[in-house]
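Contents: one structure, followed by commentary.
Throughout, read-outs are computed from the coordinates displayed, never taken from laboratory work. On a predicted model such as this, the values are computed, not experimentally measured, just so you know. Cβ placement follows ideal geometry from the backbone for every residue including glycine, while neighbour counts extend to all protein chains displayed.
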Amino acid sequence: MKEIITLDEFLEVKNNNKGFVAITDKNLTRNCVHHAKCKWLTEHNFKMKVITSNRKNGSYYYADNPDTPLRTFSKMNKCEKCF
Ligand SMILES: [Zn+2]
């Protein structure tokens, strides 16, 4: 699992269309891991959380499989839209 820091890295994950992206947010009771192709993974939301808010409230992580983020983060769940 690897944290996604830059917009280029995020767009590369989206364009490659494989793997999974976990989004943490300390203000939400439920965090989600998504397929890289999930339409709920948006450039806008990535920019807001990672660039604008400077990861103050949460972060994006790339993972080869969904089990690693599900094990690592206590509030992590599978996205209901893409799983
Ligand atoms: Zn999803």
Selection over segment 46-83 where residues are part of a loop (DSSP other than H, G, I, E, B) and within 16 Å of the ligand (Cβ to nearest atom) yields a count of 10
Check your understanding: Is it true that some residue in segment 31-45 is crowded, with 16+ Cβ neighbours inside 10 Å, in a helix (DSSP H, G or I) and within 15 Å of the ligand (Cβ to nearest atom)?
Key -> no
Scanning segment 58-71 residue by residue, the ones that are surrounded by 14 or more Cβ atoms within 10 Å (Cβ to Cβ) and either hydrophobic (A, V, I, L, M, F, W, C) or over 17 Å from residue 13 (Cβ atoms) (or both) total 2
